[in-house]
Amino acid sequence: MISRHQAPFLLCSCAATLLLLVGISKFLPRASARGQANAGNTEKSLLAFRAVASVLNSPRCLNCHTPSDGPLQGDDNHPHAMNVKRGTDGKGSPALRCFACHQTENGKALHAPPGAADWQLPPQKTPMAWKGLSMGELCRTVKDPTKNGNRTLQDLIPHMDTPLVRWAWSPGPGRTVPPLSHDEFVSRLKEWIDTGAACPE
Amino acid sequence: METTRFKVNGKSVELQIDPQTPLLWALREQLGLTGTKFGCGMALCGACTVHVDGNAVRSCVTPVKAIAGKQVKTIEGLSTDRSHPVQRAWLQVQVPQCGYCQPGQMMSAAALLGVNANPSDADIDDAMAGNLCRCGTYARIRKAIHVAAELARSAK
């Protein structure tokens with residue numbers, strides 16, 4: 001039996017429980033949808049990065065984004081002829097600067113030095129090296145400001161539009177180009193960033 | 001043809017020339033400065049090395065348009081009386097064999113000493129790696145650069 005004194009308390013308890021259940025029921029489907037959306041975004045992000053990585057791993061990028069103390073050459077990534085060195089600023093050793101041979105445009109002859117404005121490697125203190133990295137390691141390196149030249153994710157986008165990066169798509173005679181067009185590459189990069197910049201394990 | 005103005009060995013020059021013409025041809029054909037040699041024509045051997053604003057560059061692949069308004073120094077401009085430390089050291093050590101690559105070697109050496117007054121063997125190897133010598137005078141070149149550094153230091 002419920003006494004007259006117990007009835008209001010029970011009514012309040014039931015109302016509170018009901019409100020709580022309604023609240024939870026309203027929240028639960030949303031959380032679930034968000035989870036699905038996040039999972040979808042992560043999948044999209046991973047796919048986008050896979051496309052981005054196909055360009056980053058092309059010889060035109062790898063030959064300078066290397067952990068070695070000098071640049072590489074060719075589609076087989078062999079060491080640069082004449083043992084050319086990176087130098088502290090990435091522009092060659094003090095008396096053998098990159099611009100000694102590399103002009104602001106490609107040489108026209110087969111195997112003549114290629115060229116673009118600001119021809120250089122990443123500097124010694126942040127070599128931005130990803131030759132030999134797994135997909136996950138590459139992704140985390142690209143995202144890490146201590147390893148990517150102190151860039152935010154958004155900063156990566158204008159970097160991809162510099163003359164030196166764009167050179168990869170017009171590298172001169174005898175050199176292959178990355179597997180995606182430049183437009184598609186930048187579009188997939190933006191997609192990766194917009195979907196959370198997820199990284200593979 | 002376009003007008004291109006720059007300085008060579010301290011003198012102003014003005015050339016009517018195709019702006020894509022390699023600097024090497026402007027120096028040798030237009031200006032008669034034949035000390036700078038043609039080796040490979042593709043920046044692979046260093047025989048054509050000159051200085052542009054103090055930096056060693058390969059004149060065979062440097063278009064004239066790229067040096068407009070700049071200062072070029074050739075082997076003839078190191079000194080007119082063989083007094084440059086690199087010239088004195090090259091004579092002292094008797095570096096050349098056939099001599100063809102030596103103007104380029106000397107210009108690279110002078111550029112190195114311009115930024116490093118006391119280069120180590122490793123510094124010399126890094127700086128000179130792009131200058132090839134078919135006679136194999138590398139050991140004498142390295143020795144002469146050390147001598148030139150010492151001569152330059154003692155002259156101060």
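The set of residues from the range B:107-121 being surrounded by fewer than 24 Cβ atoms within 10 Å (Cβ to Cβ) and within 8 Å of another protein chain (Cβ to nearest Cβ) comprises B:G114, B:V115, B:N116. Filtered by the rule that a residue be assigned to a loop (DSSP other than H, G, I, E, B), more than 12 Å from the chain's Cα centre (by Cα) and not charged (D, E, K, R), the range A:154-174 gives A:T162, A:A168, A:W169, A:S170, A:P171, A:G172, A:P173, A:G174. Within the range A:169-186, count every residue that is in contact with a helix residue (DSSP H, G or I) (Cβ under 9 Å, 6 or more places away or on another chain) and surrounded by 13 or more Cβ atoms within 10 Å (Cβ to Cβ). Residues meeting the conditions: 10.
Residues checked against (1) within 22 Å of A:P79 (Cβ to Cβ); (2) within 13 Å of another protein chain (Cβ to nearest Cβ); (3) among the aromatic types (F, W, Y):
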| residue | (1), (2), (3) |
| --- | --- |
| B:L91 | no, no, no |
| B:P96 | no, no, no |
| B:C101 | no, no, no |
| B:D123 | yes, yes, no |
| B:D126 | yes, yes, no |
| B:A129 | yes, yes, no |
| B:Y138 | yes, yes, yes |
| B:A144 | no, no, no |
| B:A152 | no, no, no |
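For the structure I just gave you, tell me whether B:I75 is touching a residue at least 60 places away in the same chain (Cβ under 8 Å) and among the hydrophobic types (A, V, I, L, M, F, W, C). So B:I75 fails the test. Could you say whether any residue in the range A:134-153 is crowded, with 20+ Cβ neighbours inside 10 Å, touching a residue at least 40 places away in the same chain (Cβ under 8 Å) and assigned to a loop (DSSP other than H, G, I, E, B)? For the range A:134-153, residues crowded, with 20+ Cβ neighbours inside 10 Å, touching a residue at least 40 places away in the same chain (Cβ under 8 Å) and assigned to a loop (DSSP other than H, G, I, E, B): absent.
Quick one: what pairs do we get from the range A:99-117, first residue closer than 23 Å to A:M160 by Cβ and more than 7 Å from chain B (Cβ to nearest Cβ), second part of a loop (DSSP other than H, G, I, E, B) and among the aromatic types (F, W, Y), C-beta under 6 Å, 6+ apart or different chains? Filtered contacts from the range A:99-117: A:H102/A:W119. A single member of A:P71, A:P59 is within 14 Å of chain B (Cβ to nearest Cβ), modelled with pLDDT of 95 or more and buried (at least 18 other Cβ atoms within 10 Å of the Cβ), and it is A:P71. Taken over the range A:128-164, the criterion of being of a type in the set (A, V, I, L, M, F, W, C) and under 21 Å from A:T88 (Cβ atoms) is satisfied by A:M128, A:A129, A:W130, A:L164. If you check A:R50, A:R86 for being in contact (Cβ under 8 Å) with a residue 24 or more places away in the chain and either within 14 Å of chain B (Cβ to nearest Cβ) or hydroxyl-bearing (S, T, Y) (or both), only one passes: A:R86. Scanning the range A:106-136 for residues that are among the charged types (D, E, K, R) and within 14 Å of A:L62 (Cβ to Cβ) turns up just one, A:K131. Mind checking whether some residue in the range A:121-132 is of a type in the set (S, T, N, Q), within 14 Å of chain B (Cβ to nearest Cβ) and within 30 Å of B:L24 (Cβ to Cβ)? Within the range A:121-132 (the criterion being of a type in the set (S, T, N, Q), within 14 Å of chain B (Cβ to nearest Cβ) and within 30 Å of B:L24 (Cβ to Cβ)), the answer is no, since none of the residues qualifies. Of all residues in the range B:22-48, those being assigned to a loop (DSSP other than H, G, I, E, B) and either buried (at least 21 other Cβ atoms within 10 Å of the Cβ) or more than 13 Å from every other protein chain (Cβ to nearest Cβ) (or both) number 14.
The values are calculated or read from the model by the stated rules, or taken from the named source; none is laboratory data. This structure is a prediction, so every number in the text was calculated from the model and none was measured. Neighbour counts run over all protein chains shown; Cβ positions are idealised from the backbone, glycine included.
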